[in-house]
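The values are calculated or read from the model by the stated rules, or taken from the named source; none is laboratory data. Computed from a prediction, not measured in an experiment: that's the story for all the values here. Note: ideal-geometry Cβ built from the backbone for every residue, glycine included; neighbour counts use all protein chains shown.
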Amino acid sequence: MRLKKNGRPEIPRKTIYRLSIYLRCLARLRENGIGTVSSEALAKAAGVKPTQLRKDLAYFGTFGTRGLGYDVTDLFKKISEELGTSRLQPVILVGVGHLGLALVSYRGFEKEGFEIVAAFATRKSNSRFTAWTNCRSLSKSRT
């Protein structure tokens, strides 16, 4: 097992991928007002076996209470911190045409942890964007 500089084990890519799935499942549970979830229920929602879920979570600590399950909010926060999604990731769109304009207007990216901070069009005739532009000011001017 390889270790990071901080002495903790390096998390495999497949585990990181599954953590992102667990995070989406936990987000849905939070939205539905569910406070705790068993490893069996979370694993089923994520499409993995409970033993795999527990092994994946063991990379960054001990969670849950035997017989009670995991606190949904606490586990969501911990996985978010590990994946670096506790803050919005800036995104820049290049070649913004009609589809790009729709993407800039779409607010669902923030829910998934992305913020479109700039957009660029290559041809003036295809878009309203002609240079790198702060999208927050663009979206405010359109509403």
Quick one: is Val104 buried (at least 17 other Cβ atoms within 10 Å of the Cβ), farther than 29 Å from Glu10 by Cβ and at pLDDT below 80? no
Return a yes/no flag: does the range 61-79 have any residue that is modelled with pLDDT of 80 or more, more than 23 Å from Asn32 (Cα to Cα) and surrounded by fewer than 16 Cβ atoms within 10 Å (Cβ to Cβ). no
Kindly indicate whether Gly33 is in a loop (DSSP other than H, G, I, E, B), in the same structural domain as Tyr17 (by TED's automatic domain parsing), more than 21 Å from Pro12 (Cβ to Cβ) and modelled with pLDDT under 80. no
Residues located in the range 47-64, provided they are in contact with a Phe, Trp or Tyr (Cβ under 6 Å, 6 or more places away or on another chain) and of a type outside the set (A, V, I, L, M, F, W, C): Gly64
Boolean, Ser127 is modelled with pLDDT under 70 and loosely packed, with under 13 Cβ neighbours inside 10 Å: no
Please verify whether Leu88 is closer than 30 Å to Asn32 by Cβ and modelled with pLDDT of 80 or more, treating the condition exactly as stated. no
Has the range 27-47 got at least one residue that is farther than 18 Å from Lys77 by Cβ and either among the acidic types (Asp, Glu) or loosely packed, with under 13 Cβ neighbours inside 10 Å (or both)? yes
